[in-house]
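For reference, the structure is listed below as C-alpha cells.
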Amino acid sequence: MRRAVGAARIHTAILLAILLIAAIARFHDITQPLVDAFSWRETSTAMMADNFQQRSWNIFFPEVSWTGPGPSYQGREFQIVSYITALLYQLFGWHDWFGRMVAALFGMVTVFSLHRLTALCWDEAHAHAAALAYALMPGPAMIDSSFLPDPSMLALVTLGVWLFVKYWTGGKPWLLPLATASFTLGALAKPPGLAAGAVIFYLTVCWILQRRYRQATRVLFSGLISLAVVAAYFGWAIYLGRSYPPYHVAGSGYIWDSGFWTFFKNSFYLKSVWNTSVWWFYGYPFMALIAVGFWMPPKPGEETGERVLSAVPYVWLAAAAIVYVAAAREITSNPWNYHIFHVPLAMFCGRGALVLATLGAGTALTPAVILRSIFIATLALILSTFPLVKTMKAPVATNGKLLGEALARVAKPDDLVVTIAPAVGDPVAIYYSRQRGWVFPPGGGDVEWSKFVEDDATAIAQLEDLRAQGADLFGVAKEAADNQDRQFMKHHAGVIGYLDKAGTKLVDSDTLLVYRITRP
C-alpha cells in the first residue's frame, strides 16, 4: 500500500514537472506582438475578439475588420479563443498578447489530457514520455502560443477523448456527458477535431462486438447529438459567410473543390508536408523518435493495460490522415491545421524515446537509462526545439505592425484605411492601426488577394473604388511583395505616381509610405 502511494506521488511529481516545462515553452515571450510566421491568421482572429468587445457580443456573428466599414461577418469556426479574449479585454483593457495567453492555457490542458489518455492506453512511463514530447515539440509549442482557434480545438477534443476512455474502462456514468460536451466544443472550435471522434467510434464498435449493447447505445445517442450540434453550427456559418459581404467562408483547398487529379498531380502536397516537418514543426530528432515509436509500439497486454486501448494512437492518426487527404491543400497552406496530428505523434515520439532510452535495460530505471533519456532530450532541444521555434517566432511582419501604428498616429476617428503589409493580404497593419479598412488588393470571397493585379490601370481602378466607399488613408510597407515575389514599389510604380497626384503624402520613411486619400 505504501509502495503504491509512493509511486503515485512520484508520478504526480513528474507530471507537475512536465507541466512546468510545457508552461515555460508556451509562455516564454508570450507578449510578442502578432508579427510571427502565423501573423495573417492571428490578426484575423484578434480582429474578431476586438469586434465582439467593441461592436456586438453575439458569438454567432464573428466579424473581421479588413473588408471595409462592415458589417463584415464571415463563416468561421465557433469562436472560443477570440470570445474569451474579448472578455479579458472588457475586464482588463486591450493587450494584443491576451489571445496568446488564452491559447497557451488551452495548450496546458492538452498536455495534461494527453498524459492521462496515454496512461490509460499504455502506462504511466509512456504517459510521461508522450506529455514531455508534446511539451517540447516545436510545432505544438508554436501553435499553442499563437492567437489561433487550434489550441482550443485540440485541448477540448483530447480532454473529451480522455474522459470517454475513462468512462469506457469502467468510469462513472457522468463522464459520458462531460466527454460529449468537451468533444463537441472542440469540434466546433475547428472541424479537424472531428478526426479524434474516430477513437470514440472505434471503442464503441468494440463494445458492440463484446455485446455490450446498452453502453454502445448510450454512446451512439450522445454521438448523434454531438454531430447534430456541429452540423447545425457549421451550416449556420456557411449561410452567414454567403449572406454578407465579402461573402467569405473560412477554408478552401479541399479535394472536392480542386478535384482529385489536381491533388494527385501535386502528390497530395507531400513535399510541403516534408518541408514543414523538417524546418518548422519537428526537425530530424523528433521525426526519428516518431518513426521508432510508430514501428515499435508497446506489446498489448504486457507493457500496457487494456489490449484494445493500445491501438488508440493508430486510430487517431489514421482518421487525421483521412482529414489530410480531403483537405491537403488547405492544411499545407495553413500549417496550424496539422495540430490534430500532434496527440498521436507525441505518443509515438514518447514511445520512441523510451525504446531508445531503455535498450538492453528492460523497464528498470538504471543510471544508463537516465543518462540516455537526458541525452535524447538535450539533442532534441538543441537540434529541433530551440532553432525551429526561433525560426517560426521570427518577427517577419514587424514592418506591417509599424505601418499600422503609423496609420494610427495620423488617423481621425472613423477613418478607413487601405494597407499593404510586407506579405500581401496580411491584415496585420489594419489590426495595429486600430481602425477598419481593406487589405490591398481587396480580399474576400473567392478573390485571390495575395497577388497583385497585372497592370497599374486595374490597381488604380480598385483604389478609386475603395475611395468611393470611403477610404481615407493608404499605407504600404516598402518591401511588400505578393505570392509571386513581385514588389509593390516596382510592380506598381504607376500607382505610387497616381497617389502622389491624388493624395497627400503623410509618411515617407525607409520602410513605410502613407498617404491621405480622402475624396474632396
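Taking the Cβ-Cβ separation of Asp510 and Val325 as r and a Förster radius of 45 Å, what is the calculated FRET efficiency to the nearest 0.05? Numbers along the way, then the final one.
Working: r = 47 Å, r/R0 = 1.04.
My answer for the efficiency is 0.45.
Can you send over the carbon and sulfur percentage of the accessible area for the chain, probe radius 1.4 Å, protein chains only?
Numbers: 14820 of 22500 Å².
Accessible surface attributable to carbon and sulfur in the chain totals 66 percent.
When only alpha-carbon atoms count, how far does the stretch 12-111 stretch along each of its three principal axes, as whole angstroms with the largest first?
That works out to 52, 26, 25 Å along the principal axes.
Compute the Rg/Rh shape ratio of the stretch 385-520: radius of gyration over Kirkwood radius, all on alpha-carbon atoms.
Details: Rg = 14.6 Å, Rh = 15.0 Å.
Using Cα coordinates only, the ratio equals 0.98.
Between Ser267 and Ile238, what is the FRET efficiency for a Förster distance of 30 Å, r being their Cβ-Cβ separation, to the nearest 0.05?
On the way: r = 30 Å, r/R0 = 1.00.
The calculated FRET efficiency here is 0.50.
So if we plug the beta-carbon distance of Ala502 and Thr458 into 1/(1 + (r/R0)^6) with R0 = 22 Å, what FRET efficiency do we get, rounded to 0.05?
Details: r = 16 Å, r/R0 = 0.73.
E(calc), rounded to 0.05, equals 0.85.
For the stretch 417-474, rounded, prolate or oblate, judged on the Cα gyration tensor with a ≥ b ≥ c (square roots of eigenvalues), a/c < 1.5 rounded, else prolate if a/b > b/c? Kindly include the intermediate steps, with their values, before the conclusion.
Numbers: a/c = 1.77, a/b = 1.19, b/c = 1.48.
Here the stretch 417-474 falls in the oblate category.
Apply the Karplus parameterisation 6.51 cos²θ - 1.76 cosθ + 1.60, with θ equal to phi minus 60°, to every residue of the stretch 49-59 and state each ³J(HN,Hα) to the nearest whole Hz, in sequence, with x for glycine and proline.
For the stretch 49-59, the Karplus-derived couplings read 4, 4, 6, 4, 6, 9, 10, 7, 8, 6, 5 Hz, x marking Gly and Pro.
Rg and Dmax of the stretch 230-387 over Cα atoms: what are they, in angstrom?
Over the stretch 230-387's Cα set, Rg and Dmax evaluate to 20.0, 65 Å.
Can you give the convex hull volume per residue for the Cα atoms of the stretch 297-439, as a whole number of Å³?
Working: hull volume 24.9 nm³, N = 143.
Here the figure is 174 Å³ per residue.
Using a 1.4 Å probe, what is the accessible area per residue for the stretch 231-329, in Å²? Spell out each step's value before the answer.
On the way: 5530 Å² over 99 residues.
Per-residue value: 56 Å².
Please enumerate, by chain and number, the lysines with C-alpha under 22 Å from the C-alpha of Lys451, excluding those fewer than 8 residues away in the same chain.
List returned: Lys401, Lys478, Lys490.
May I ask for the Rg/Rh ratio of the chain, computed from Cα atoms with Rh as the Kirkwood radius, given to two decimals? Show your work: numbers first, answer last.
Values: Rg = 24.8 Å, Rh = 24.5 Å.
In the chain, Rg relative to Rh is 1.01.
Counting GluC sites (Glu not before Pro) as exposed when in a DSSP loop with at most 10 other beta carbons within 10 Å, what is the longest stretch of the chain free of them? Intermediate values should be presented prior to the final figure.
Details: sites that count: Glu302, Glu454.
Of all site-free stretches, the longest is 1-301.
Would you tell me the accessible area of Val199, worked out with a 1.4 angstrom probe on the heavy atoms of the protein chains, in Å² to the nearest 10?
The accessible area comes out at roughly 0 Å².
Working from Cα positions, state the angle (0 to 90°, nearest 10) between the long axis of helix 367-380 and the longest principal axis of the chain.
Around 10 degrees separate the two axes.
Return a whole-number percent for the relative contact order of the chain, with Cα pairs under 8 Å and 6 or more residues apart as the contact set. Working shown, then result.
On the way: 917 pairs, mean separation 87.9, N = 520.
Averaging sequence separation for qualifying contacts and normalising by length gives 17 percent for the chain.
Can you work out the Karplus-derived ³J(HN,Hα) for every residue in the stretch 126-133? Use 6.51 cos²θ - 1.76 cosθ + 1.60 with θ = phi - 60°, whole Hz, and x for glycine or proline.
In residue order, the calculated couplings are 5, 4, 4, 5, 5, 5, 5, 4 Hz.
The values are calculated or read from the model by the stated rules, or taken from the named source; none is laboratory data. If you're wondering where the values come from, they're calculated on a predicted model, not measured in any experiment. Glycine gets a Cβ as well: all are built from the backbone with ideal geometry, and neighbour counts include every protein chain shown. Accessible surface areas use protein heavy atoms only, side chains included; no ligands, DNA or RNA. Shrake-Rupley method; radii C 1.70, N 1.55, O 1.52, S 1.80 Å.
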